[in-house]
1. Which condition number in (1) over 25 Å from Gly278 (Cα atoms); (2) open to solvent by 30 Å² or more (accessible area, probe 1.4 Å); (3) at pLDDT below 95 is the one that Gly41 fails?
2. Quickly run through the range 301-324 and pick out the residues that are in contact (Cβ under 8 Å) with a residue 40 or more places away in the chain and open to solvent by 30 Å² or more (accessible area, probe 1.4 Å).
3. With respect to Ile276, is the statement that it is open to solvent by 10 Å² or more (accessible area, probe 1.4 Å), of a type in the set (Val, Ile, Thr) and in a helix (DSSP H, G or I) true?
4. Please go through the range 183-204 and give me each residue that is open to solvent by less than 10 Å² (accessible area, probe 1.4 Å) and part of a strand (DSSP E or B), ordered by number.
5. Can you name every residue in the range 76-114 that is buried (at least 20 other Cβ atoms within 10 Å of the Cβ), part of a helix (DSSP H, G or I) and not hydrophobic (A, V, I, L, M, F, W, C)?
6. In the range 143-182, which residues are open to solvent by less than 20 Å² (accessible area, probe 1.4 Å), more than 19 Å from Gly93 (Cβ to Cβ) and in a loop (DSSP other than H, G, I, E, B)?
7. Look through Ala267, Ala298 and report the one residue that is within 16 Å of the chain's Cα centre (by Cα) and open to solvent by less than 60 Å² (accessible area, probe 1.4 Å).
Amino acid sequence: MTPRFKFLFLALCAAAAPAAWSQAAPWPTKPVRIIVGYAAGSSPDMQARLLAEPLAKALGQAVVVENRPGAGGNIGADLVAKADDEHTIGIIGNGPLTSAKFLYARLPYDPVRDLAPIALVGTAPLVWTVARPAEGSLAASRYIAYAQAQGDKLAYGSVGAGSGGHLAMELLKLKLGIRPLHVPFNGGPPILNAMMGGQVQMTLLPASTVMPFVQSGKLDAIAVTSARRSPLAPDLPGMEELGVKGINIEVWNAVMAPAKMQPAHVARLRSELEKIIGSREMRQKLFLQGWRVDDVGAKALAQRIRHDTAVYADVIARNRIRLD
């Protein structure tokens, strides 16, 4: 080997060495943080704590849940997007990943560019829940006719402007030709109290929140917002049974990583979390909390983000909804 070729050979080996070492290096080398952009006791928080122990066992490092609530989950999503320590992931609700970019003019992160999908944790339709009209309990088709006739004399409650319940009801209004007025509340329980007190007549909330009131006869449930029936509320029709096409609204939470995290680390997280979330034990635990485990894979999650982003973009633009 000539001196010149020997020099080139050594230079190439030196350049390749760091990459080879990086791929073979053990990971994680310190505790992994799961950022939750919501308060303790929220559904993303409960899911993070369910996943922390089995994920720690799989990775061989402690997994710590850190609550950073605010701005509807956007603060937590931004922290995950900007993390550069290779040991930070997050559980993020569907809002910060789909509708937030249209609701906020100055969103400090881009959900697609700055975040990498890892796994879908759980999905749940919203339940169209109503206060019983004077005529008593009505079937879905009769209630829709009743609501159409009432026009803007009815009102619906949501947990806030831009929330899933707000956007989904605006989509229902468009599809069904109903016109209830929007009244925002600070949480689900105040909405249910207002419905029983006659201040508002309908809402869209998760089954885990409303079904105890339905089962006790205090409120009525009309349908779920998914296209088909859900095992979380199997007695309620889906949108397609009502003859409503193009509505398949569910709330969901997902594990996301910074887009700049090394591909090998992302791949390992995807592999481990797919096994954990897909296990029979975890499916049952999530079901008891009011969540259905769907296709947990990163590819299906990315497709869901794209689909829901398009749906919410249209609803937000039609109704000129802005939060800043």
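The values are calculated or read from the model by the stated rules, or taken from the named source; none is laboratory data. Given the structure is predicted, the values throughout are model-derived calculations rather than measurements. For neighbour counting, all protein chains shown are included, and Cβ atoms are generated from backbone atoms with ideal geometry for every residue, glycine included. The accessibility values were calculated without ligands, DNA or RNA, using every heavy atom of the protein model including side chains. Shrake-Rupley method; radii C 1.70, N 1.55, O 1.52, S 1.80 Å.
1. (1)
2. Applying the first criterion (in contact (Cβ under 8 Å) with a residue 40 or more places away in the chain) to the range 301-324 yields 301-302, 304-305, 308-309, 311-313, 315-319, 321-324.
Selection gives Arg304, Val311, Ala317, Arg318, Asn319, Arg322, Leu323, Asp324.
3. Details: open to solvent by 10 Å² or more (accessible area, probe 1.4 Å): yes; of a type in the set (Val, Ile, Thr): yes; in a helix (DSSP H, G or I): yes.
Spelling it out, Ile276 is indeed open to solvent by 10 Å² or more (accessible area, probe 1.4 Å), of a type in the set (Val, Ile, Thr) and in a helix (DSSP H, G or I).
4. If the condition is that a residue be open to solvent by less than 10 Å² (accessible area, probe 1.4 Å) and part of a strand (DSSP E or B), then Met202, Thr203, Leu204 are the ones that fit.
5. Gly76, Asp78, Asn94, Gly95, Pro96, Thr98
6. Listed by number, the residues that qualify are Leu154, Ile178, Pro180.
7. From the options Ala267, Ala298, the qualifying one is Ala298.
Residues checked against (1) within 29 Å of Ile144 (Cα to Cα); (2) over 19 Å from the mean Cα position of the chain (by Cα):
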{"site": "Leu236", "(1), (2)": "yes, yes"}
{"site": "Met282", "(1), (2)": "no, no"}
{"site": "Arg292", "(1), (2)": "yes, no"}
{"site": "Asp314", "(1), (2)": "yes, no"}
